[in-house]
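Beneath this line is the structure, given in structure tokens, with notes to follow.
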Amino acid sequence: MSIRKIDFSPPDITNAEINEVIDALKSGWITTGPKTKLFEKNISDYCNSSKTVCLNSATACLELILRLFDIKKGDEVITTPYTFASTANVIIHVGAKPVFVDVKKESFNIDPQAIKKALSKKTKAVIPVDIAGWPCDYDEIKEVLDNFKFYHPDRKTKQALLDRPLIVADSAHSFGAEYKGKKLGTIADFTCFSFHAVKNLTTAEGGAVTFNGYKNYSSDEIYNDLMKLSLHGQSKDAYAKMKTGGWKYDIKCAGFKYNMTDIASSVGLAQLRRYDQMLNIRERLFNCYNEKLNFDNFILPPFNDKNKKNSFHLYPLRIKNFNEENRNKLIEKLANAGISTNVHFIPVVMHSFYKKLGYSIKYFPNCYEMYKNEITLPLYSKLTLNDINYISDNLIKIFKK
Ligand SMILES: *Cc1c(COP(=O)(O)O)cnc(C)c1O
């Protein structure tokens with residue numbers, strides 16, 4: 001076999017994206033404006049949510065939702081160690097304490113029963129993560145929180161409007177995935193998607209949060225509050241201020257600077273139009289891996305079942321009886337054959353910053369079992385069936401040696 005070069009996750013950019021960007025550049029308006037408002041509307045239509053707010057990252061979306069509900073020092077937010085640092089870092093940023101709970105046995109996703117055990121009167125939110133694009137067990141998570149009697153909201157804040165801790169989904173991987181027949185976007189209270197360069201749908205950097213709102217806190221009010229929080233607390237955005245005679249504004253709070261530009265949104269508009277087609281390609285390639293790698297030694301990732309539809313963001317393969325060292329060697333050998341792979345994820349509690357805070361992987365045995373023998377194979381819409389054959393054949397050959 002001659003050696004080929006297979007990247008891990010290059011963006012899928014066509015003339016459609018290029019032309020949208022040119023259109024934005026020529027329009028005379030390049031920061032947050034009409035393209036971003038249209039992108040938000042199109043995402044709401046796609047996810048069936050009342051509203052969408054686009055920001056410059058999924059991290060910004062997660063952080064602003066915690067801030068919107070005034071989650072702060074003294075509060076606890078429950079999440080999983082099996083995720084990217086972003087999920088936990090935002091909890092630290094607002095001053096709250098991350099309370100990690102294990103994933104379900106033989107699953108990459110958070111265990112609802114472990115959430116139940118970790119609830120305390122300080123619990124203000126739960127952040128489940130749809131690893132690789134596979135939705136979490138949202139109904140079980142909701143049931144656990146609905147039955148939780150020890151909730152002590154801060155009555156002076158928006159928390160007073162809630163009757164249980166918030167569910168803020170880290171759906172960075174799962175745009176377009178489905179749970180019980182519905183697209184993600186309205187299953188959790190707030191759903192945060194990432195449009196980072198390696199994600200299924202990209203704007204280079206970017207993110208969106210979708211929501212339906214509450215009876216006593218409408219989606220329009222939430223939208224306006226998030227706009228203020230994301231742009232220095234201004235009562236008007238730059239586009240409204242630019243309108244003739246629209247110079248006057250007020251600062252309502254010390255907000256942040258997290259808005260999405262119209263240049264980024266223009267990439268997103270074109271990506272969203274192509275999204276179902278890109279998702280179909282991902283599904284076909286994922287299925288092809290499943291067929292090629294259907295051996296006893298391999299533990300394949302979940303495909304689709306009666307309750308859940310994957311968004312096929314990653315192909316996280318696990319290898320029976322492998323430890324970290326075997327796995328790391330396999331990554332090296334595949335790299336020698338020109339194949340880039342990855343590990344999703346190094347559990348957050350194994351990083352030095354979190355170890356210094358006193359967290360340890362020894363309390364998360366299911367998480368470690370998933371991590372130690374996991375290798376993520378390339379999966380993206382520009383990959384071909386030939387590439388899948390090359391990757392699978394090399395993997396099997398190296399594994400047999
Ligand atoms: C990529 C990613 C994020 C962060 O997304 P950004 O848009 O880069 O902020 C958060 N969580 C997970 C699980 C991710 O993979």
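Do the alpha carbons of any pairs in Lys142/Lys308; Lys236/Lys257; Lys105/Lys400 sit beyond 22 Å of each other, and which pairs?
Working: Lys142/Lys308 16 Å; Lys236/Lys257 14 Å; Lys105/Lys400 28 Å.
Distance filter (> 22 Å) returns Lys105/Lys400.
Kirkwood Rh and Cα-based Rg: tell me the resulting Rg over Rh for the chain, rounded to two decimals. Kindly include the intermediate steps, with their values, before the conclusion.
On the way: Rg = 21.6 Å, Rh = 22.0 Å.
Value, to two decimals: 0.98.
What are the ³J(HN,Hα) couplings of the stretch 341-357, residue after residue, when phi is run through the Karplus curve with 6.51, -1.76, 1.60 and θ = phi - 60°? Round to Hz, x for glycine and proline.
10, 7, 10, 10, 10, 5, x, 3, 6, 8, 7, 4, 4, 6, 5, 5, 6
Along the charge dipole of the chain, which of Ile391, Ala172, Ala118 sits closest to the positive end, that is, farthest toward it, with unit charges on the beta carbon of Lys, Arg, Asp and Glu (+1, +1, -1, -1)?
Ala118
Going by amide H atoms built from the backbone, whose H comes under 5 Å of the H on Leu166, apart from near neighbours?
Ala125, Val126
Please compute the per residue accessible area over the chain with all protein chains in place, 1.4 Å probe, rounded to a whole number of Å².
44 Å²
Could you sort out which of Lys156/Lys306; Lys72/Lys309; Lys51/Lys309; Lys117/Lys356 sit more than 31 Å apart by Cα distance in this structure?
Beyond 31 Å between Cα atoms: Lys156/Lys306; Lys72/Lys309.
Which value, in debye to the nearest 20, gives the size of the charge dipole of the chain about its Cα centre, when Lys and Arg are +1 and Asp and Glu are -1 at the Cβ?
It works out to roughly 620 debye.
Which ³J(HN,Hα) values, rounded to whole Hz and listed in residue order, are derived for the stretch 49-57 from phi using the Karplus coefficients 6.51, -1.76 and 1.60 in 6.51 cos²θ - 1.76 cosθ + 1.60 with θ = phi - 60°, glycine and proline given as x?
Computed from phi, the couplings for the stretch 49-57 are 9, 5, 9, 9, 10, 9, 10, 7, 6 Hz.
Measure up Lys124/Lys355; Lys73/Lys180; Lys252/Lys355; Lys329/Lys355; Lys149/Lys355 against 28 Å on the Cα-Cα distance and list the ones that go over.
Numbers: Lys124/Lys355 23 Å; Lys73/Lys180 36 Å; Lys252/Lys355 38 Å; Lys329/Lys355 25 Å; Lys149/Lys355 32 Å.
Too far apart for the 28 Å limit: Lys73/Lys180; Lys252/Lys355; Lys149/Lys355.
What translational D, rounded to a whole number of µm²/s, comes out for the stretch 74-156 from Stokes-Einstein when the hydrodynamic radius is the Kirkwood one over Cα pairs, at 20 °C and 1.002 mPa s?
The calculation lands on 164 µm²/s.
By per-residue mean of other Cβ atoms within 10 Å, what is the highest-first order of 301-312, 21-32, 2-13?
Numbers: 301-312: 18.7, 21-32: 15.8, 2-13: 14.2.
Highest-to-lowest ranking by the protection proxy: 301-312, 21-32, 2-13.
Go through Pro128, Phe69, Asn56 and say which Cα lies farthest out towards the positive end of the charge dipole of the stretch 50-139; charges sit on Cβ, +1 for Lys and Arg, -1 for Asp and Glu.
Phe69
For the chain, give me every cysteine whose Cβ has no other Cys Cβ within less than 4.7 Å, ordered by residue number.
So far as the 4.7 Å Cβ criterion goes, Cys47, Cys54, Cys136, Cys253, Cys288, Cys367 stand without a partner in the chain.
Which percent of the accessible area of the chain is formed by carbon and sulfur heavy atoms (probe 1.4 angstrom)?
It is 52 percent, rounded to a whole number.
Please work out the C-alpha center-to-center distance from the stretch 59-90 to the stretch 314-365 and express it in whole Å.
Cα centroid of the stretch 59-90 versus Cα centroid of the stretch 314-365: 23 Å apart.
Bin width 5 Å, origin at 0, all Cα-Cα pairs of the stretch 9-85: what percent of pairs per bin?
Here the calculated profile for the stretch 9-85 is 3, 11, 13, 18, 19, 15, 9, 7, 4, 1.
The values are calculated or read from the model by the stated rules, or taken from the named source; none is laboratory data. Model, not experiment: these values are computed from the prediction. As a convention, Cβ positions derive from the backbone with ideal geometry for all residues, glycine included, and neighbour counts pool all protein chains shown. The protein model used for the area step is the full one, side chains on, heavy atoms only, and it has no ligands, DNA or RNA in it. Shrake-Rupley method; radii C 1.70, N 1.55, O 1.52, S 1.80 Å.
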